[in-house]
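Undergrad: This is the structure I have questions about; it appears just below.
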Amino acid sequence: MKITRLHGFKDMFHPETQRLRSVEDTVRKVFERFGFSEVIIPVLELSETYSTGLGDTTDIVQKEMYTFETKGGEWVSMRPEGTAGVVRAYIEHSLHRKSPVTKLYYSGEMFRHEKPQEGRQRCFNQIGAELFGSRDPLADSEIIAMLWLAVTELGLSEHVELELNSIGKPAERELYKKALLEFLSQKKDSLCENCRNRLTTNPLRVLDCKTDTCVELTSGIPFSIRDYLSEQSNGHLDALLRSLEEKSIPHRLNPRIVRGLDYYTDTVFELTTDKLGSQNAVAAGGRYDLLVGRMGGPETPAVGFAMGLERILLLLEKTGTRRNSPGKKQLVCIIHIGDEAREKAANIADDLRRKGMRVETEYENKSLKSQMRKANRTGAAYSVIIGEDELRGKVFSLRNMKTGEEKTIPLEKLAALGGHGDFRKLL
Ligand code: ATP
Ligand code: MG
């Protein structure tokens with residue numbers, strides 16, 4: 001029987017792995033410029049972390065979590081997102097006592113049992129940031145500016161749009177929900193089945209539905225959530241919009257954005273693109289002033305977002321965006337002829353690697369021709385060739401693989417090479 005990977009899970013190899021790490025690294029450096037530091041949290045948590053954190057009626061908790069009972073009888077879940085775990089850790093380590101404002105970021109795999117398709121996997125990577133301890137709209141603005149700078153540095157700012165909205169405080173949202181429910185109930189038959197269920201569980205989510213008939217119906221709603229926001233909530237949104245204007249961060253107010261998680265208050269935002277079909281969100285976030293309290297910590301305002309790394313990779317590919325990759329170190333191939341040289345080659349390779357060079361050699365005895373072919377195929381910049389004659393004369397041949405230039409050089413010069421391995425000087 002052939003064992004295969006799970007449906008909806010992916011194996012990733014070079015060069016895609018390198019692209020993913022390079023995107024992650026770019027984003028990480030932007031986060032660090034904004035004073036965020038990394039937190040590493042477990043992939044597995046008690047299921048309560050997510051059911052309390054995200055809310056029982058959310059799609060994630062109701063349908064998408066990998067939940068199971070451990071041998072010890074605990075119910076645990078693979079993390080479907082990062083925020084709830086970071087909040088759990090923030091509370092567990094009383095981070096609010098250490099500093100009034102805490103800025104953390106995380107990066108890693110998330111697990112959701114949803115229908116796999118392009119841009120949607122059951123295991124995917126997110127990098128995300130959370131800012132605790134400020135209620136000020138300038139904190140929202142800073143988080144959004146950070147996200148915007150990250151996509152700018154990735155070369156993607158022309159291909160994405162920042163959409164934002166306010167969903168106010170729970171009491172304000174309740175009033176809006178009521179009005180929405182009244183409006184939608186009258187036209188219940190035009191809703192998709194999923195949305196008909198949502199009328200009882202979470203009517204706001206109908207605004208998020210991508211089914212044509214639902215979109216058509218909700219576009220005709222004659223009122224918006226802003227009509228139900230208090231002066232304070234409206235003021236928060238206005239101050240954020242002003243700050244984004246001043247920072248020249250392009251954005252669009254979209255009253256349809258509600259987000260699928262229960263923990264948001266006031267600001268919600270999404271970074272969307274028209275290049276990835278219906279998987280159009282590459283990052284999403286918002287303010288969640290009630291979550292820390294809800295999870296048993298001291299009332300602490302917070303704001304954050306998460307970015308889907310695989311969707312960023314897809315977008316880079318679809319838009320043909322070229323990124324300056326740091327590039328690999330130049331490769332040196334050690335080519336050997338004869339048994340004695342074979343062992344010598346292994347030692348030379350080891351020595352050069354210790355000096356920091358990238359080195360390939362063959363384990364087995366192979367013909368000069370085949371080893372040369374491999375050196376060419378793997379893109380080696382230089383080859384070090386040792387045969388019996390060379391060993392006897394304590395020399396080696398150095399070949400510049402691009403120009404074909406070749407020279408015989410005393411072996412001791414190889415040992416004396418510095419960490420940068422400047423073979424050019426030897427030729
Ligand atoms: P969507 O509407 O696409 O389902 P979401 O609202 O569930 O997204 P969030 O929970 O806010 O997404 O996660 C933030 C980001 O993580 C998304 O914008 C997306 O880029 C990425 N993401 C979410 N789910 C998946 C998935 N199943 N596969 C790949 N990336 C994902
Ligand atoms: Mg989703």
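Undergrad: Listed here are the pairs K329/K402; K329/K374; K328/K374; K29/K355; K318/K402; K329/K425; which of them are more than 21 Å apart at the Cα?
TA: K29/K355; K318/K402
Undergrad: If you count the DSSP beta bridges with both ends in segment 331-426, what percent of them are antiparallel, to the nearest 5?
TA: That works out to approximately 50 percent antiparallel.
Undergrad: Give me the 1.4 Å probe accessible area per residue for the chain, excluding ligands and nucleic acids, in Å².
TA: That works out to 51 Å² per residue.
Undergrad: Report the residue, chosen from G320, G304, G133, that carries the largest GNM mean-square fluctuation when the chain is represented by alpha-carbon nodes joined by springs under 10 Å.
TA: Answer for the Gaussian network model of the chain: G320.
Undergrad: Another question, if that's okay. When the Karplus curve 6.51 cos²θ - 1.76 cosθ + 1.60 is applied with θ = phi - 60°, which whole-Hz ³J(HN,Hα) does each residue of segment 146-154 get, with x for Gly and Pro?
TA: Once θ is set to phi - 60°, the couplings for segment 146-154 become 5, 4, 5, 5, 4, 5, 5, 5, 7 Hz.
Undergrad: Can you tell which of K394, K247, K210 shows the greatest fluctuation in a Gaussian network model of the chain with Cα springs below 10 Å?
TA: In the Gaussian network model the winner is K394.
Undergrad: Continuing with this model, one more query. Restricting to bridges with both residues inside the chain, how much of the DSSP beta-bridge set is antiparallel, in percent to the nearest 5?
TA: Numbers: 49 of 62 bridges.
So the antiparallel bridges amount to about 80 percent of the total.
Undergrad: Could you tell me what percent of the accessible area of the chain is made up of carbon and sulfur, with a 1.4 Å probe and every protein chain present?
TA: Heavy-atom surface of the chain belonging to carbon and sulfur, 1.4 Å probe: 49 percent.
Undergrad: Continuing with the same structure: Taking amide H positions as placed 1.01 Å from N in the peptide plane, with prolines and chain starts having none, which residues 5 or more places from G387, or on another chain, fall under 5 Å of its amide H?
TA: I337
Undergrad: I'd like the distance separating the alpha-carbon centroids of segment 388-427 and segment 171-209, in whole Å.
TA: So the separation of the two Cα centres works out to 74 Å.
Undergrad: Tell me, Kirkwood radius of the chain from alpha-carbon pair distances, in Å?
TA: Hydrodynamic radius (Kirkwood, Cα pairs) of the chain is 25.2 Å.
Undergrad: Using the Karplus equation 6.51 cos²θ - 1.76 cosθ + 1.60 (θ = phi - 60°), what ³J(HN,Hα) coupling, rounded to whole Hz, does each residue of segment 252-257 give in order, writing x for Gly and Pro?
TA: Rounded to whole hertz, the list is 9, 6, 10, x, 7, 6.
Undergrad: So what is the calculated 222 nm ellipticity per residue for the chain, using -39500 (n - 2.57) for each DSSP H run with n of 4 or more, over all residues, to the nearest 500 deg cm²/dmol?
TA: Computed ellipticity for the chain at 222 nm equals -11000 deg cm²/dmol.
Undergrad: Pick from L391, L156, L244 the residue whose mean-square fluctuation is largest in a GNM of the chain, springs joining Cα atoms under 10 Å.
TA: L391
Undergrad: Per residue of segment 91-103, in order, report the coupling 6.51 cos²θ - 1.76 cosθ + 1.60 (Karplus, θ = phi - 60°) as ³J(HN,Hα) in whole Hz, putting x for Gly and Pro.
TA: Here the 3J(HN,Hα) series is 6, 4, 9, 6, 5, 5, 6, 7, 6, x, 10, 10, 10 Hz.
Undergrad: Amide H of M110: which non-local residues (sequence gap of 5 or more, or other chain) have their own amide H closer than 5 Å, using H built in the peptide plane?
TA: For M110, whose amide H was placed from the backbone, the distant partners under 5 Å are F124, N125, Q126.
Undergrad: Also, quick follow-up: Let me know the longest stretch in the chain that avoids all chymotrypsin sites (Phe, Trp or Tyr not before Pro) found in a DSSP loop with at most 12 other C-beta atoms within 10 Å.
TA: 14-222
Undergrad: Counting other Cβ atoms within 10 Å, keep those with at most 15, restrict to DSSP loop, and tell me which GluC sites (Glu not before Pro) in segment 290-371 are left.
TA: E299, E364
Undergrad: Ok, one more. Please work out the C-alpha center-to-center distance from segment 110-147 to segment 265-290 and express it in whole Å.
TA: Comparing the Cα centres of segment 110-147 and segment 265-290, I get a distance of 8 Å.
Undergrad: Under a point-charge model restricted to the Cβ atoms of Lys and Arg (+1) and Asp and Glu (-1), what is the dipole moment magnitude of the chain relative to its Cα centre, in debye to the nearest 20?
TA: Here the chain has a charge dipole of around 1380 debye.
Undergrad: Amide H to amide H under 5 Å from K247: which residues, 5+ apart in sequence or cross-chain, H placed 1.01 Å off N in plane?
TA: none
The values are calculated or read from the model by the stated rules, or taken from the named source; none is laboratory data. None of these values were measured; they are calculated from a predicted model. No Cβ is skipped: glycine too gets one built from the backbone with ideal geometry, and neighbour counts run over all protein chains shown. Protein only, heavy atoms only, side chains kept; ligands, DNA and RNA dropped before computing areas. Shrake-Rupley method; radii C 1.70, N 1.55, O 1.52, S 1.80 Å.
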